[in-house]
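S.K.: Handing you a structure now.
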Amino acid sequence: MKYSVDEHGYYGQFGGAYIPEMLHPNVEELKNAYLEIMNEPGFKAEFEDLLRDYVGRPTPLYFAKRLSEKYNTKIYLKREDLNHTGAHKINNTLGQILLAKRLGKKRIIAETGAGQHGVATATVCALMGMDCIVYMGAIDMERQKPNVERMRIMGAEVRPATSGSKTLKDATNEAIRDWINNPVDTHYIIGSVVGPHPYPDMVARFQAIISEEIKWQLKGLTGRENPDHVIACVGGGSNAAGAFYHFLDNEDVNLIAVEAAGLGVNTDKSAATTYLGTPGVLHASRSLLMQTEDGQVVEPYSISAGLDYPGIGPMHAHLFESGRGSFFSATDDEAYEAGIRVSRLEGIIPALETAHAFAVLEQIEFKPDDIVVINLSGRGDKDLQTYIDRGDY
Ligand SMILES: *Cc1c(COP(=O)(O)O)cnc(C)c1O
């Protein structure tokens, strides 16, 4: 398990838990309990039942015939867009709320940027009858009104973060402050493979259901369990971590991660962390991040809110540094065009995050017999206005 987390919470030089003293008890409790709870037969059974009956798993692995013809290779789509709430995020929020219940927690907090993780958290809180407080930047609340209302309809309280730039990083600060003040009864659901250990490993394990299913589904469809390539977009890296997880040690499987280049990696409007980033500490773990020479985090930019993040999970920083993963990026324009292409060829409008993964089909030439699995992380409904605003379809 060369690419999994080690017993100290590191992936190579990345990871760890760089937390303020006052958070130590919360993180320690989680670290000491998460693996044991996740391995309990009762926990596994409840998680599996809800993944099946509530989320709608297994999601199909679908042979995309027209897309395959266009690119002269064999392309399979892992349909995470068909999950309840429209993306992979629910796999993680469901896992974490079941874990929180077993830790005796009564109250859930989360941070959200565009609102997708907030909605996935509000959803499972309603399902479990738990109090839910979602911190969201005041500016993001203005920009993402439908998601704010979705959360409220399901009974969550959305609290505006009014400090700093009034966006994701400020919402994260508020959530951490809340957690420090409520260490006994509150669980903090982080939405990607980021944050202090054990979050990156815990979230990767909850998302690993994606590659677990790909293995048996591909075996049924093609007779072999391992594809030649797995492609996923990377914001923090949770859908990619899930799609890669059971292939990490199969070194004949090429792991392709696609970051958002925004207006281009050579402009100051980008979110391509492995290209532009350097080692540093962000959200309590050591990873690669976009920062100035004196360590100030640089504002990232992407057309897709889910990839608009200045860092990358420590597991991916290690996959990049070790060469195990191949990292690419796609610009706003390339992603948008790929999104339209997939819509026309397959009748599936992908989320703009996911469209970045499809954009690499224009950059890499695969062999006719290659089996390429693309993780279709989410559906494009939430991005309809952005598609409409561009309009040249
Ligand atoms: C949130 C989101 C992402 C980016 O998050 P990761 O943690 O990198 O997976 C990608 N695709 C969709 C559809 C999302 O909602």
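S.K.: So, in the range 234-252, how many residues would count as being more than 16 Å from the ligand (Cβ to nearest atom), crowded, with 21+ Cβ neighbours inside 10 Å and in a loop (DSSP other than H, G, I, E, B)?
M.R.: Applying the first criterion (more than 16 Å from the ligand (Cβ to nearest atom)) to the range 234-252 yields 246-252.
Those still in the list that are crowded, with 21+ Cβ neighbours inside 10 Å too: 247-248.
Add one more test, that the residue is in a loop (DSSP other than H, G, I, E, B), and what stays is 248.
Going through the range 234-252 one residue at a time, the tally reaches 1.
S.K.: Next question, about the same structure. When the residues of the range 287-309 are filtered to those that are in a loop (DSSP other than H, G, I, E, B) and among the β-branched types (Val, Ile, Thr), which remaining residue is farthest from Val234 (Cα to Cα)?
M.R.: Within the range 287-309, the subset in a loop (DSSP other than H, G, I, E, B) is 290, 292-296, 298-304, 308-309.
Next, from what is left, pick out any that are among the β-branched types (Val, Ile, Thr): 292, 298, 303.
Working: Thr292: 22, Val298: 18, Ile303: 14 Å.
Filtering the range 287-309 for residues that are in a loop (DSSP other than H, G, I, E, B) and among the β-branched types (Val, Ile, Thr), the one farthest from Val234 (Cα to Cα) comes out as Thr292.
S.K.: Only one of (1) among the charged types (D, E, K, R); (2) touching a residue at least 40 places away in the same chain (Cβ under 8 Å); (3) closer than 30 Å to Gly220 by Cα fails for Lys382. Which number is that?
M.R.: For Lys382, the failing item is (3).
S.K.: Please identify the pairs in which a residue from the range 213-239 that is without any contact (Cβ under 8 Å) to a residue 40 or more places away in the chain and over 16 Å from Ser326 (Cα atoms) has its Cβ atom under 6 Å from the Cβ atom of a residue that is acidic (Asp, Glu) and away from the ligand (no atom under 16 Å from the Cβ), counting only partners at least 6 apart or on another chain.
M.R.: Lys215/Glu225; Lys219/Glu225
Residues checked against (1) closer than 27 Å to Pro25 by Cβ; (2) touching a Phe, Trp or Tyr at 6+ places or on another chain (Cβ under 8 Å); (3) within 16 Å of the ligand (Cβ to nearest atom):
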{"residue": "Thr112", "(1), (2), (3)": "yes, yes, yes"}
{"residue": "Gln116", "(1), (2), (3)": "no, no, yes"}
{"residue": "Thr123", "(1), (2), (3)": "no, no, yes"}
{"residue": "Tyr135", "(1), (2), (3)": "yes, no, no"}
{"residue": "Arg159", "(1), (2), (3)": "yes, yes, no"}
{"residue": "Ser163", "(1), (2), (3)": "yes, no, no"}
{"residue": "Leu168", "(1), (2), (3)": "yes, yes, yes"}
{"residue": "Asn181", "(1), (2), (3)": "yes, no, no"}
{"residue": "Asp185", "(1), (2), (3)": "yes, no, no"}
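S.K.: For residues that are within 11 Å of the ligand (Cβ to nearest atom), in a loop (DSSP other than H, G, I, E, B) and not β-branched (Val, Ile, Thr), tally how many sit in the range 83-108.
M.R.: Initial filter on the range 83-108 (within 11 Å of the ligand (Cβ to nearest atom)): 83, 85-92.
Imposing the further condition that a residue be in a loop (DSSP other than H, G, I, E, B) reduces the set to 83, 85-86, 88.
From the residues that got through so far, the ones that are not β-branched (Val, Ile, Thr) too are 83, 86, 88.
Residues meeting the conditions: 3.
S.K.: Residues Gly164, Gly137, Gly113, Gly118: which one is under 24 Å from Ser302 (Cα atoms), more than 20 Å from the chain's Cα centre (by Cα) and small (Gly, Ala, Ser)?
M.R.: Exactly one residue qualifies, and that residue is Gly164.
S.K.: Within the range 285-322, count every residue that is crowded, with 24+ Cβ neighbours inside 10 Å, under 16 Å from Ala257 (Cβ atoms), modelled with pLDDT of 95 or more and among the small types (Gly, Ala, Ser).
M.R.: 3
S.K.: For the range 11-61, which residues satisfy the criterion of being among the hydrophobic types (A, V, I, L, M, F, W, C) and out of contact with any Leu (no Cβ under 9 Å at 6 or more places or on another chain)? Working first, answer last.
M.R.: Within the range 11-61, the subset among the hydrophobic types (A, V, I, L, M, F, W, C) is 14, 17, 19, 22-23, 27, 30, 33, 35, 37-38, 43, 45, 47, 50-51, 55, 61.
Scanning the range 11-61 gives Ile19, Met22, Leu23, Val27, Leu35, Ala45.
S.K.: Kindly check whether there is at least one residue in the range 278-285 that is in contact with a Leu (Cβ under 6 Å, 6 or more places away or on another chain), within 14 Å of the ligand (Cβ to nearest atom), under 26 Å from Ser211 (Cβ atoms) and not in a strand (DSSP E or B).
M.R.: No, that holds for no residue.
S.K.: Given the structure, is Val193 in a helix (DSSP H, G or I) and within 13 Å of the ligand (Cβ to nearest atom)?
M.R.: On the way: in a helix (DSSP H, G or I): no; within 13 Å of the ligand (Cβ to nearest atom): yes.
When the stated conditions are applied, Val193 does not pass them.
S.K.: Moving to a separate point now. From Ser343, Ser377, which residue is at pLDDT 95 or above, within 16 Å of the ligand (Cβ to nearest atom) and out of contact with any Lys or Arg (no Cβ under 9 Å at 6 or more places or on another chain)? Walk me through it before giving the result.
M.R.: On the way: Ser377 fails: out of contact with any Lys or Arg (no Cβ under 9 Å at 6 or more places or on another chain).
Residue meeting the stated conditions: Ser343.
S.K.: If you don't mind, there's one more thing I want to ask. May I ask you to verify whether Ile209 is within 16 Å of the ligand (Cβ to nearest atom), out of contact with any Gly (no Cβ under 9 Å at 6 or more places or on another chain) and either of a type in the set (A, V, I, L, M) or under 16 Å from Pro60 (Cβ atoms) (or both)? Break it down into steps so the answer makes sense when it comes.
M.R.: Numbers: within 16 Å of the ligand (Cβ to nearest atom): yes; out of contact with any Gly (no Cβ under 9 Å at 6 or more places or on another chain): no; either of a type in the set (A, V, I, L, M) or under 16 Å from Pro60 (Cβ atoms) (or both): yes.
No; evaluated as a whole, the condition is false for this residue.
S.K.: Report whether or not Glu157 is at negative phi and surrounded by fewer than 20 Cβ atoms within 10 Å (Cβ to Cβ). Spell out how you get there, then give the answer.
M.R.: Details: at negative phi: yes; surrounded by fewer than 20 Cβ atoms within 10 Å (Cβ to Cβ): yes.
Yes; evaluated as a whole, the condition is true for this residue.
S.K.: Let me ask something additional. So if I check each of Lys169, Lys145, which one is modelled with pLDDT under 95 and in contact with a strand residue (DSSP E or B) (Cβ under 9 Å, 6 or more places away or on another chain)? It would help to see each step written out before you state the result.
M.R.: Details: Lys145 fails: in contact with a strand residue (DSSP E or B) (Cβ under 9 Å, 6 or more places away or on another chain).
Testing whether each residue is modelled with pLDDT under 95 and in contact with a strand residue (DSSP E or B) (Cβ under 9 Å, 6 or more places away or on another chain) leaves just Lys169.
The values are calculated or read from the model by the stated rules, or taken from the named source; none is laboratory data. Please read these numbers as outputs of a predicted model, since none were measured by experiment. Neighbour counts run over all protein chains shown; Cβ positions are idealised from the backbone, glycine included.
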